[in-house]
Amino acid sequence: MSGSFRVGVNYWPAATAMRWWRRFDREQVSRDFAEIRAAGGDTIRFFLLWEDFQPRSDTVSEAALALLRAVADAAGRQGLVIIPTLFTGHMSGANFIPEWALGAAGSGRFRVVSKDRVVGRAIRNWYADEPVGDAQALLARECARALAGHPALWGWDLGNENSNCCVPPTREAGRRWLDRIAGAIRSVDPSCHLTLGLHMEDLEE
């Protein structure tokens, strides 16, 4: 067997977990990345908590983008590459969703968390809801613009287990969404890699 493969981790800081963008600690990130590198890792997949990066549908946080660049720089200093994950979204048994992407009262398989509170509202299906899709394309494009050409960027993940949030109503709707988000990224960074974080149920179904 020839060739090589990447060895990486899913990363949240232990002390702050999903809230790390609001309680950002550069020294902690640098220490963690150094430890990952020392353990033999070369790739970091991390997660952009959606409401921290896009507090309103028409607004991408410049402060969050600056922190994203800081994470890329920290990885680069350790010789690591990064895979930022958009629209998080689902994580560890809950769906973290910005308030503007929620609809009417409802419930689903997983609890929905918005602004640090569990809420009894349904997630708008971004495969079929055009305004939510517009907002996602904006976020994807601006995040990609922020890291375009960065030497530590391996590529972008278009979501973590998206089907735990919502499911495309048709196969074609799913393909259109993928094309739209991929197109938004590649409009500013044509050569980056793209992937999509699935889980076992996606493959079984």
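Just so it is clear, none of the values below were taken in a lab; they were calculated from the coordinates. Small disclaimer: the values here were computed from a predicted structure and weren't measured. Here Cβ is always computed from backbone atoms with ideal geometry, including for glycine, and neighbour counts include all displayed protein chains.
So for the stretch 25-142, what are the equivalent ellipsoid semi-axes in whole Å, largest first, each being the square root of 5 times an eigenvalue of the Cα gyration tensor?
They are 30, 16, 12 Å, listed from largest to smallest.
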### Query
At 222 nm, what helix-only mean residue ellipticity would the chain give, in deg cm²/dmol to the nearest 500, using -39500 (n - 2.57) for each DSSP H run of four or more?
-11000 deg cm²/dmol
### Message
Just want the answer: with Cβ charges of +1 for Lys and Arg and -1 for Asp and Glu, which residue in Thr59, Ile83, Gly106 is farthest toward the dipole's positive end in the chain?
### Response
Thr59
### Message
Taking the beta-carbon count within 10 Å as an exposure proxy, list Phe24, Phe47 from fewest neighbours to most.
### Response
Phe24, Phe47
### Task
Calculate, for Ala15 and Thr59, the FRET efficiency according to 1/(1 + (r/R0)^6) with r their C-beta to C-beta distance and R0 41 Å; round to the nearest 0.05.
0.90
### Size of electric dipole in the chain: Cβ of Lys, Arg +1 and of Asp, Glu -1, about Cα centre, debye, nearest 20
260
### Query
Listing Ile181, Ile36 from the residue with the fewest other Cβ atoms within 10 Å to the one with the most, what is the order?
Ile36, Ile181
### Task
Quick one: net charge around Gly79, please, counting Lys, Arg +1 and Asp, Glu -1 for every other residue with C-beta under 15 Å from its C-beta.
-1
### Query
Sorted from largest down, what three extents in whole angstroms do the Cα atoms of the stretch 122-205 have along their principal axes?
36, 29, 22
## Note on the structure
With the charge dipole of the chain built from beta-carbon charges (+1 for Lys and Arg, -1 for Asp and Glu) about the Cα centre, the Cα from Trp156, Thr170, Trp50 projecting farthest to the positive end belongs to Trp50
### From the coordinates shown, Kirkwood radius over Cα pairs in Å corresponds to which of (i) 17.0; (ii) 17.5; (iii) 18.7
(ii)
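Quick check: net charge around Val7, other residues with Cβ under 13 Å of its Cβ, Lys/Arg +1 and Asp/Glu -1? Could the numbers behind the result be given before it?
Working: positive: Arg6, Arg37, Arg45; negative: Asp42.
Taking every other residue near Val7 into account, the sum is +2.
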### Query
Lys/Arg Cβ at +1, Asp/Glu Cβ at -1, dipole of the stretch 108-205 taken about the Cα centre: which of Ser187, Val119, Val132 is farthest positive-ward?
Val119
### Query
To the nearest whole percent, what portion of all C-alpha pairs in the stretch 70-113 is separated by more than 13 angstrom?
66
### Message
Please arrange His90, His193 by how many other C-beta atoms lie within 10 Å of their C-beta, fewest to most.
### Response
His193, His90
### Query
For the stretch 7-117, what is the relative contact order in percent, using Cα pairs closer than 8 Å and at least 6 residues apart in sequence?
27
